[in-house]
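What follows is a short report on a single structure.
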Amino acid sequence: MMRLKIPLTGTVLSYDTELAEYRGSSGIAGDLNDPIRPVPIDLGNVSWRLIAIDLENDLAEIEVKPSENINTVRDGGNPDNPEDRFTRPSTEQERQGFLNYAKNLVESHTKDELYAMSGKKRLVKSEEIMRKYQEFHSSKEK
Amino acid sequence: MSPVAQNGVDKQGVSINGVQVEQALNAANETVNKGVYAATTLSAVDADLTVGNIKDTVTIFGFLGTLAATISHDNQDSAVDTQGNNETQKIYCQTAGVGGNDDGVVLTLTLDCAQATVIEAAFFVSARCTVADALKLQMYIDGIAQGETTYIVLDDYHQFYDIGNKAVSSGNRVVYLNTHNYTGAGVAYWGTGGIFAGCPKLA
């Protein structure tokens with residue numbers, strides 16, 4: 001597994017400092033019609049889980065895990081024909097390849113380029129939410 | 001001199017003039033008094049003494065039981081169900097056959113949280129789709145993406161599960177599962193699955 005930081009899109013609905021006190025909690029809630037999420041770029045044959053949200057820099061820290069299976073085409077088969085495809089366990093080398101692909105995709109592009117690739121806007125958040133977020137984090141650093 | 005009870009018989013059921021008085025078994029208790037009893041069967045005394053009322057492999061007075069053990073379920077065949085004794089601790093479950101095309105919400109669960117709490121949610125899905133390396137499933141809690149699966153496959157149903165948690169404020173909070181299409185091509189998707197979510201009391 002490995003961790004990556006991906007730019008965020010969506011709309012921040014609220015920031016609750018009481019909830020942010022709890023270990024592991026961001027205190028943030030997203031708009032159901034425009035939820036907070038990493039920009040939708042295809043990281044390949046991996047899954048990921050949210051670790052943390054950085055509202056200051058509009059980044060999601062995610063933990064990426066390679067797929068344990070790979071869906072592939074039989075020799076001479078048609079990739080678009082389900083009957084010519086089969087799923088098998090991925091090898092250690094393939095799993096490392098999946099991680100390398102995701103890492104290179106993210107780290108070889110700037111934040112602006114990742115937004116452009118995904119076609120999504122930057123994270124929307126109000127000044128009031130940012131004020132509360134910055135005050136809370138400043139108080140934690142003291 | 002022996003004590004004399006009613007009708008000229010003593011307390012052991014034997015009359016003063018030698019005539020014996022029968023005792024009787026009572027289905028209401030297990031007491032067997034000293035005395036004389038008429039011939040009978042225990043099942044005639046208590047009609048509940050049957051093989052169907054005795055656990056299987058157990059024998060009671062010659063009756064080998066046939067009653068099979070059963071498992072009680074907390075939640076059976078319910079599309080949506082809640083468990084728990086109070087509003088600060090509930091478990092929700094929603095199961096459904098799902099399907100659709102491209103991006104779209106496939107399962108939604110709304111939790112009525114009476115107070116600020118942590119939603120712990122997990123989903124399971126068995127799914128396939130029509131285009132390779134196109135669709136992935138994502139779980140959202142309270143408007144924030146918690147995770148994303150690997151590709152839904154083309155050739156066979158594959159199982160996915162994921163777990164996420166999030167502190168939330170009181171009120172109606174939504175957990176949902178949706179598909180996202182990374183190729184842009186029209187993709188049909190079939191799956192069946194469920195969402196489990198709970199609101200343990202915030203410590």
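The values are calculated or read from the model by the stated rules, or taken from the named source; none is laboratory data. All values derive from a computational prediction rather than experimental measurement. When we count neighbours, we look across all protein chains shown, and the Cβ atoms used for this are built from the backbone with ideal geometry, even at glycine.
Of everything in the stretch B:20-44 that's among the hydroxyl-bearing types (Ser, Thr, Tyr) and in a loop (DSSP other than H, G, I, E, B), which residue is nearest to B:Gly62 (Cα to Cα)?
B:Thr41
Test each condition in (1) farther than 18 Å from B:Val174 by Cβ; (2) in contact with a Leu (Cβ under 8 Å, 6 or more places away or on another chain); (3) modelled with pLDDT under 85 for B:Asn101 and report the one that comes out false.
If we test B:Asn101 against (1) farther than 18 Å from B:Val174 by Cβ; (2) in contact with a Leu (Cβ under 8 Å, 6 or more places away or on another chain); (3) modelled with pLDDT under 85, just (2) comes out false.
Filter the stretch B:31-56 for residues that are of a type in the set (A, V, I, L, M) and surrounded by 10 or more Cβ atoms within 10 Å (Cβ to Cβ); which is nearest to B:Leu67 (Cα to Cα)?
Among those residues, the one meeting the criterion is B:Ile54.
Return yes or no: is A:Asp80 over 28 Å from B:Val118 (Cα atoms), in a loop (DSSP other than H, G, I, E, B) and more than 7 Å from every other protein chain (Cβ to nearest Cβ)?
Yes: the conditions hold for A:Asp80.
Hey, among A:Thr91, A:Thr110, A:Thr87, which residue is within 13 Å of another protein chain (Cβ to nearest Cβ) and among the hydroxyl-bearing types (Ser, Thr, Tyr)?
A:Thr87
Among (1) more than 19 Å from A:Ser67 (Cβ to Cβ); (2) crowded, with 24+ Cβ neighbours inside 10 Å, which single condition is B:Ile119 missing?
(2)
For the structure I just gave you, tell me whether A:Phe86 is among the aromatic types (Phe, Trp, Tyr), closer than 22 Å to B:Arg128 by Cα and assigned to a strand (DSSP E or B).
Judged against the criteria, A:Phe86 is a match.
Taking the stretch A:29-59 on its own, how many of its residues are among the acidic types (Asp, Glu) and more than 7 Å from chain B (Cβ to nearest Cβ)?
So the count comes out to 4.
Quick one: would you say B:Ile152 is over 20 Å from A:Leu32 (Cβ atoms) and at pLDDT 85 or above?
For B:Ile152, the condition - over 20 Å from A:Leu32 (Cβ atoms) and at pLDDT 85 or above - is met.
So which residues in the stretch B:145-203 are part of a loop (DSSP other than H, G, I, E, B), under 13 Å from B:Leu111 (Cα atoms) and facing chain A (nearest Cβ under 10 Å)?
If the condition is that a residue be part of a loop (DSSP other than H, G, I, E, B), under 13 Å from B:Leu111 (Cα atoms) and facing chain A (nearest Cβ under 10 Å), then B:Ser169 is the only one that fits.
Pick from the stretch B:128-144 the residues that are outside any loop (DSSP other than H, G, I, E, B) and at the interface with chain A (Cβ under 9 Å from one of its Cβ atoms): which of them is surrounded by the fewest Cβ atoms within 10 Å (Cβ to Cβ)?
B:Arg128
So A:Val12 ticks every box in (1) part of a strand (DSSP E or B); (2) out of contact with any Gly (no Cβ under 9 Å at 6 or more places or on another chain); (3) in contact (Cβ under 8 Å) with a residue 60 or more places away in the chain but one. Which box is left unticked?
Condition not satisfied by A:Val12: (2).
Any residue at all in the stretch A:107-118 that's surrounded by 12 or more Cβ atoms within 10 Å (Cβ to Cβ) and part of a loop (DSSP other than H, G, I, E, B)?
Yes, the conditions are met somewhere in the stretch A:107-118.
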